[in-house]
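J.: Supplied in structure tokens, the structure appears directly below.
Each value in this text was obtained by applying a stated rule to the coordinates, not by laboratory testing. Predicted, not measured: the structure shown is a model, and the values here were computed from it. When we count neighbours, we look across all protein chains shown, and the Cβ atoms used for this are built from the backbone with ideal geometry, even at glycine.
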Amino acid sequence: MTAMLSKDEIRQRVDALGPWFHNLDLNGVRTAPSHFLGDYPNVKWRRFSSVIPDSLEGKSVLDIGCNAGFYAMEMKRRGAERVLGLDTDDEYLEQAKFAAGVKGLKIEFRKLSAYDVGQLGERFDLVIFMGVLYHLRYPLLALDLIHEHVARDLLLFQSMQRGDSRVDRLETNYDFWTTGQFDSPGYPKLHFIEHRYADDPTNWWAPNRACVEAMLRSAGFVIAAHPEDEVYLCRKGARPRLEELGSPLRSRAR
Ligand SMILES: C[S@@+](CC[C@H](N)C(=O)[O-])C[C@H]1O[C@@H](n2cnc3c(N)ncnc32)[C@H](O)[C@@H]1O
């Protein structure tokens, strides 16, 4: 039905469903033409799209924090057989459903949190987790759950990064009295946002680059490509430290 709408009708629906974070082109109607990051996320996607296989024929894709569905729709355009987009925000999900309808793309969108992916009971060839980590109060929990329950092979990941972009080579252990590493600019650091950053009450963390890479590794993802400052393509791997501790969510204090 939505595929048959006139440009004026699309414009009316776009206005009613706004404001939009994704600037989509819906048959000539732009959803967020004044986005503070420009033509977003298209400008970002152009910088890393080459690391995603041109054909996703027969593949399944899970887009966690899909917003208005930009990445979900790009994956469907590459031929993915099944694309599921998740978000916790009803308004973004309505935008995504409308946009996919206008584009005639068969994509499922569901209200579900990154913390609840275990409920899906399904693994996906490609999991997209872009721009969500720093919005989560428990970011490593989400990465662990993705590894445990839904990732089969590839993870496309992005996080806002703040602080120094150097990356130290880490030792596998440090003596209790060795403390200098913590002051090194390239040591993994996750800056906690107690109040607000960029006026957004959902920004909880601002990792530096070393921290993003260490968190991905720690959650069992092997970095295969780093095509853009904030973006990583990972393959699912092992989680040696968590396996040593037993259950992924258990700690063993001394
Ligand atoms: C900065 S936007 C990123 C959107 C898109 N992934 C991208 O990269 O352009 C963050 C999105 O994550 C969603 N989100 C926030 N917390 C979430 C959670 N716990 N589970 C799933 N999605 C969440 C927000 O509603 C929002 O759509």
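J.: Which of the trypsin sites (Lys or Arg not before Pro) found in segment 148-239 are loop residues per DSSP with 15 or fewer other Cβ atoms within 10 Å of their Cβ?
T.: Arg166, Arg169, Arg196
J.: Now for a separate question. Mind running the shape call on segment 22-109? Use the C-alpha gyration tensor, a ≥ b ≥ c as the square roots of the eigenvalues: rounded below 1.5 for a/c, prolate if a/b tops b/c, oblate otherwise. Each step should come with its number before you reach the end.
T.: Working: a/c = 1.62, a/b = 1.20, b/c = 1.35.
Judged from the Cα gyration tensor, segment 22-109 comes out oblate (a/c at least 1.5, b/c at or above a/b).
J.: Which distance in nm do the two modelled labels at Arg30 and Val222 give, with both placed 7 Å along the Cα-to-Cβ direction?
T.: Output for this residue pair reads 4.3 nm.
J.: What do you get for Rg/Rh of the chain when both radii come from the Cα atoms and Rh is the Kirkwood radius? Working shown, then result.
T.: Values: Rg = 19.3 Å, Rh = 19.5 Å.
Taking Rg over the Kirkwood Rh, I get 0.99.
J.: Where does segment 53-170 land on the Kirkwood hydrodynamic radius, alpha-carbon pairs, in angstrom? Let's see the in-between values first.
T.: Values: mean 1/r = 0.0679 Å⁻¹.
This gives a value of 14.7 Å.
J.: Another question, if that's okay. For Cα pairs less than 8 Å apart in space and 6+ apart in sequence, what is the mean separation divided by the residue count of segment 1-121, i.e. the relative contact order in percent? Mind dumping the intermediate values first?
T.: Details: 195 pairs, mean separation 29.9, N = 121.
About 25 percent, as a whole number.
J.: Just how far, in whole angstrom, is segment 166-242 from segment 9-68 if you go by their alpha carbon centroids?
T.: When both Cα centres are located, 27 Å separates them.
J.: Please identify, among Gly85, Gly237, Gly18, the residue showing maximal mean-square fluctuation in a Gaussian network model of the chain using a 10 angstrom Cα cutoff.
T.: The residue with the greatest mean-square fluctuation here is Gly18.
J.: With a cap of 12 neighbouring Cβ atoms within 10 Å, and only residues DSSP puts in a loop, list the trypsin sites (Lys or Arg not before Pro) found in segment 52-112.
T.: Details: sites: Lys59, Lys76, Arg77, Arg78, Arg82, Lys97, Lys103, Lys106, Arg110, Lys111; in loops: Lys59, Arg78, Lys106.
Taking segment 52-112 and a limit of 12 other Cβ atoms within 10 Å, the loop trypsin sites (Lys or Arg not before Pro) found are Lys106.
J.: Please give the net charge around Val43, taking every other residue with its beta carbon less than 14 angstrom from that of Val43, where Lys and Arg add +1 and Asp and Glu add -1. Show your work: numbers first, answer last.
T.: Values: positive: Arg30, Lys44, Arg46, Arg47; negative: Asp25, Asp39, Glu74, Glu228, Asp229, Glu230.
It works out to a net charge of -2.
J.: If we count other beta carbons within 10 Å of each Cβ, what is the order of Asp125, Asp168, fewest first?
T.: Details: Asp125 18, Asp168 14.
Lowest count first: Asp168, Asp125.
J.: Here's something else I'd like to know. Loop sites only, by DSSP: take the chymotrypsin sites (Phe, Trp or Tyr not before Pro) in the chain that have at most 16 other C-beta atoms within 10 Å and name the longest stretch containing none of them.
T.: Working: sites that count: Phe36, Tyr174, Phe176, Trp177.
Excluding the exposed sites themselves, the longest stretch runs over 37-173.
J.: Which is the longest run of the chain containing none of the GluC sites (Glu not before Pro) found in DSSP loop states (not H, G, I, E, B) with at most 15 other C-beta atoms within 10 Å? Working shown, then result.
T.: Values: sites that count: Glu81, Glu122, Glu171, Glu194.
The longest uninterrupted stretch comes out as 1-80.
J.: Quick check: net charge around His22, other residues with Cβ under 14 Å of its Cβ, Lys/Arg +1 and Asp/Glu -1? Walk me through the numbers on the way to the answer.
T.: Details: positive: Arg30, Lys44, Lys97, Lys103; negative: Asp25, Asp39, Asp63, Glu74, Asp87, Asp89, Glu91, Glu94.
Result for the neighbourhood of His22: -4.
J.: Let me ask another. Determine the equivalent ellipsoid of segment 1-59 by diagonalising the alpha-carbon gyration tensor, then write out the semi-axes as square roots of 5 times the eigenvalues, largest first, rounded to whole Å.
T.: Working: eigenvalues 127, 62, 14 Å².
For segment 1-59, the ellipsoid semi-axes come out as 25, 18, 8 Å.
J.: Right, another one. Calculate for the chain the 222 nm mean residue ellipticity that helices alone would give, adding -39,500 (n - 2.57) per DSSP H run of length 4 or more and normalising by residue count, nearest 500 deg cm²/dmol. Present the calculation step by step, with values, prior to reporting the outcome.
T.: Working: 7 runs with 63 residues, N = 254.
About -7000 deg cm²/dmol.
J.: What would the Debye formula give as log10 I(q)/I(0) at q = 0.12 Å⁻¹ for the alpha-carbon point model of segment 111-210, no solvent?
T.: Ignoring solvent entirely, the Cα scatterers give -0.51.
J.: In nm, to one decimal, how far is the Asp229 label point from the Leu140 one, both placed 7 Å along Cα→Cβ?
T.: Once both label points are built, they end up 2.7 nm from each other.
J.: Does segment 154-254 come out rounded, prolate or oblate, given a ≥ b ≥ c as the square roots of the eigenvalues of its C-alpha gyration tensor, rounded meaning a/c under 1.5 and, failing that, prolate meaning a/b above b/c?
T.: On the way: a/c = 1.41, a/b = 1.16, b/c = 1.22.
Rounded is the answer for segment 154-254, as its axis ratio a/c remains below 1.5.
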